[in-house]
1. What FRET efficiency comes out for Gln253 versus Met273 if R0 is 35 angstrom and r is the Cβ-Cβ distance? Round to the nearest 0.05.
2. Which pairs break 20 Å Cα to Cα here: Lys159/Lys861; Lys34/Lys405; Lys391/Lys591; Lys139/Lys514; Lys286/Lys716?
3. Using 0.36 nm times the number of residues separating Tyr3 and Ile160, minus their current alpha carbon distance, what extension gain do you get?
4. Can you send over the solvent-accessible area of Phe823, 1.4 Å probe, protein chains only, in Å² to the nearest 10?
5. Cross-link candidates for Lys376: which aspartates and glutamates have Cα within less than 13 Å, leaving aside residues fewer than 8 places away along the same chain?
6. Mind grabbing the accessible area of Lys514 for me, 1.4 Å probe, Å², rounded to tens?
7. Ignoring ligands, DNA and RNA, please state the percent of accessible area on the range 384-489 from carbon and sulfur, probe 1.4 Å.
8. So if R0 is 22 Å, what FRET efficiency would Leu478 and Lys498 give, r being the distance between their Cβ atoms, rounded to the nearest 0.05?
Amino acid sequence: MNYKEGTIYSGFKLENIKDLHEINSKGLVFTHEKTGAKLIKISNDEDNKVFAITFKTPPEDSTGVAHILEHSVLCGSKKFPSKEPFVELLKSSLNTFLNAMTFADKTMYPIASKNKKDFFNLMDVYLDAVLNPNIYKEKEIFMQEGWHYEIDKETDELKINGVVYNEMKGVYSSPDSIISRASSRSLYPDTTYGNDSGGSPAVIPNLTYDYFVNFHKRYYHPSNSIIFLYGDGDTDEELAFINDNYLDEYSYQNIPPNLGVQEAFEKPKEIKMSYGISNDDEVNNKSYLSLNYSIGRALDRELVLSFEILEYILLTANNALLKNKLINSGIVKVVTGRFEGGIKQPYLNITIKNTDEENKASIINKIDEILTDISKNGIPEDFITGAVNRKEFELREANFGGYPKGLIYGITVLESMLYGGEPFLNLEYTDIIKSIRDKSSKGYFEGLINKYILSNNHKTIISMTPEKGLTEKTEIELKEKLKDIKATFTEEYIENIKKDEEKLRKRQITPDTKEQLDTLPKLTLEDISKDVEKITLVEKNIEGIKTLFTPMFTNKISYIKLIFDGRVINKEEGQYLALLSFLLGRINTQKRSYEELTNAINMSTGGISYSARSFYKKDNKQDFVPAFVVNGKALSAKVSSLLELMTEVVTETSFEDDTRILQIVREIKSRYEGAMVASGNVLGSLRVLSYMSPRGYFEDSIGGIGLYKFICNIEKTLESDPDSVTNKLREIADSVFNINNLTISFTEEDENISLIEDNVQILKKGLIDKQVKNQDFNYKLEKMNEGFLTQANINYVTLGGCYLDKGFKYSGNMRVLNTILNFDYLWSKVRVEGGAYGVRVNLSKDGFLYFSSYRDPNIIKTFDAYKGTVEYLKSFNATKEEMVKYIIGTVSKLDVPSNPDSKADKAVVEYYAGYTEEDLIREREEVINTTLEDIKAYGNLIEESLKDNCIVVVGNESQIRSTESTFNHLENLIK
Ligand SMILES: [Zn+2]
């Protein structure tokens, strides 16, 4: 199709066409004639199509109205009146991405799919959801997703519940997130960024239903929208669909005024805050200090990109100048920081953790002193060159982990358009990188430090101190407040609360009718591909080294993994692999300081990372391969430099500098303390699995609570007897990095296999060549019921068992079971009725079953819900049509597209497990052929597996203590 500027296509006038050669695409900018809605299409040959509709939604307070609305519009609409079309789509569509996100100033509703029919279905449901939601007719949606009063049946107490209310209570339980959310609020108090769009738990109950629906009226109108399309879809068809089914009914509505701007402060502001710790906790070393600097405007692309680079140079690189100088001065232990460029007024943050209030003035002075020194004496040239190269590699590779490319480009487009900028401003980078590179040797970055950090008065200093018992105090105050509120209620009003609650409960437990469900668009089994996406893995022997070659299109980038089998050390030392992974690349080698090493890596590669991990074996829970993996990537032309650097790091790292090692250990420790509150579900699941298999035990010891305990011990030993740690590290490195236990994984175009063949000598020359003998990794296991106490207001509740032990084997239809339990039973029991933010069950391929909840207000109630799956499954019933839905929703998860790096990783994991292509084909067939009887039969598997009764709860101290009999071990890890 030949598009012409100025022409109208289905009600959309084409304003502008642009070649976006850096991302191999064409950009089209349309304006909808009737409503003024903007529509951007990025057209290319990618089959993973993306659609998103976004509204500017600047909140005026911290009631979380935008966030609650984001949840609520997905709970039924005019055309699709079922209770949760969103969840229906999660379980029954071929989406590769489906979600909704509330930002500080906008709300985005994106979907992605490779299947055309599915793509249009998803667009239909999302457009109807945002434009015609049922929130006007059903107040219960607001009550459920936002907040509502409840009268406790036993105590008659007044209480508050709601999904977003609980979600934000979880967020506000973590001191890390409290301090980070305070940055933009402190800098821009007179603008929308002065509010928390997610909602502050203390303020959420001020939100009224009327305000909530009016917010929708005001902002969710096509005139206030930006529609985004991406991929190989037919643009004409897409425009016609959007216009004919939705936009055509609307006329223009006044767009709410643009986002305001915060005038620069005359002088810096100081703010004090506090957060709760337990009465038995130490107060020392638990204060935070956060410095925030307003940095220009989002539309100044060069400035934003420069600060992304400067953030790396000052705060996040291994050799980050400000961070390392601060830590070396001995005045602080942990420094983090970030640059936020995605809001109208960007800012730079520097956060100091684990300090004390009285050090504040000296830390601030030290920061100024260091920055003044850097801006006067200059940043080393190699450092700048490396940092700019690294940024350029990142932009070229466009590796967004599990997220569809189109989604990230959509967000990037919004980050200029929302503030009145050209849509494709942020997608073009070649000229800007060149301009930055040209200026960089002439004091450019040093000048930025001076202007935007040292001489900037638009800055805030936030200090946050720990307060013993604050969490309990807040809980008691809320109780008192609710008691007072209740005292003002008439009896009639209380009866109304009970009635509303009853109505809500009824809505929650009443299943959708067949008519309601039938409104949702459906796919049939014919719509799904029967073929397994094939990733070729060729096993080769290159000069005696086993090489796993995964040929594919990589856009001129080579991906290399060096996989060292960890069985050459003994099992008690397994945790040192994790410690090594934190240290390598961040400490000196014989040849270079770690600063020089980092620069060299940035100059000629796309980065090298290190990890301790393990590989499972198919249908065998006793056997596994513990490993140390070095991951590297570089432009194809730079493979030899990449291999040289990888070899240098593993063979020549020097463990002399125990002070540096201690600094890194403290940083890791602090990171895990944050995880205890923010992602206790991950730690809980790892812990439950550690009771049941040697591999589970190993995984916990290198990445879970087991690791945290080890790191705490290492910190102590480094303080008293550093040599014992450094000697051990040297010994482990000498055993592990050996040519005889190395496997290489190489990912490149088919014809580029020679790149590894020609360069393998580099490894052979560098690595030790010693005979190896494999040790056994059979850990002694013990089934436990552990409770880990934190100051969080919420819990992470985990329950698990081993099905392999009970005589069951993995089958593809377990994946369908996961879909059914996650999106039907558990979703309604634990999320909708229980108020937890998230919950899932996993029947893993390697033989285990575990349930885990996320930001959960309950403990016992959740365990009961988990155990209830047995009865649920035994009496499970579904029509053939419903089974097809579940199957399609499951297949979509098998087909999530990914980047070369993750494809290769998947192939390597399957190789180690011992899966053949036939296994994968059979698995897909098992998914597709799953029957009702298969699902019902799993009631028995779950019943048997749960006899293992492996329990872990990470969460609220008083709640765990009040259910003490559930546990045989309680522990407060963060003292
Ligand atoms: Zn949410």
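1. Values: r = 40 Å, r/R0 = 1.14.
For R0 = 35 Å, the calculated efficiency reads 0.30.
2. Values: Lys159/Lys861 17 Å; Lys34/Lys405 31 Å; Lys391/Lys591 26 Å; Lys139/Lys514 23 Å; Lys286/Lys716 18 Å.
Where the Cα-Cα span goes over 20 Å, the pairs concerned are Lys34/Lys405; Lys391/Lys591; Lys139/Lys514.
3. Numbers: separation 157, 0.36 × 157 = 56.52 nm, distance 5.49 nm.
Answer, rounded to one decimal: 51.0 nm.
4. 40
5. Candidates past the 8-residue exclusion: Asp368, Glu446.
6. For Lys514, solvent-accessible area is about 120 Å².
7. Numbers: 2500 of 4810 Å².
Here carbon and sulfur together make up 52 percent of the probe-accessible area.
8. Values: r = 20 Å, r/R0 = 0.93.
So, using R0 = 22 Å, E works out to roughly 0.60.
The values are calculated or read from the model by the stated rules, or taken from the named source; none is laboratory data. For clarity, every value in this text was computed on a predicted model and none was experimentally measured. Here Cβ is always computed from backbone atoms with ideal geometry, including for glycine, and neighbour counts include all displayed protein chains. Protein only, heavy atoms only, side chains kept; ligands, DNA and RNA dropped before computing areas. Shrake-Rupley method; radii C 1.70, N 1.55, O 1.52, S 1.80 Å.
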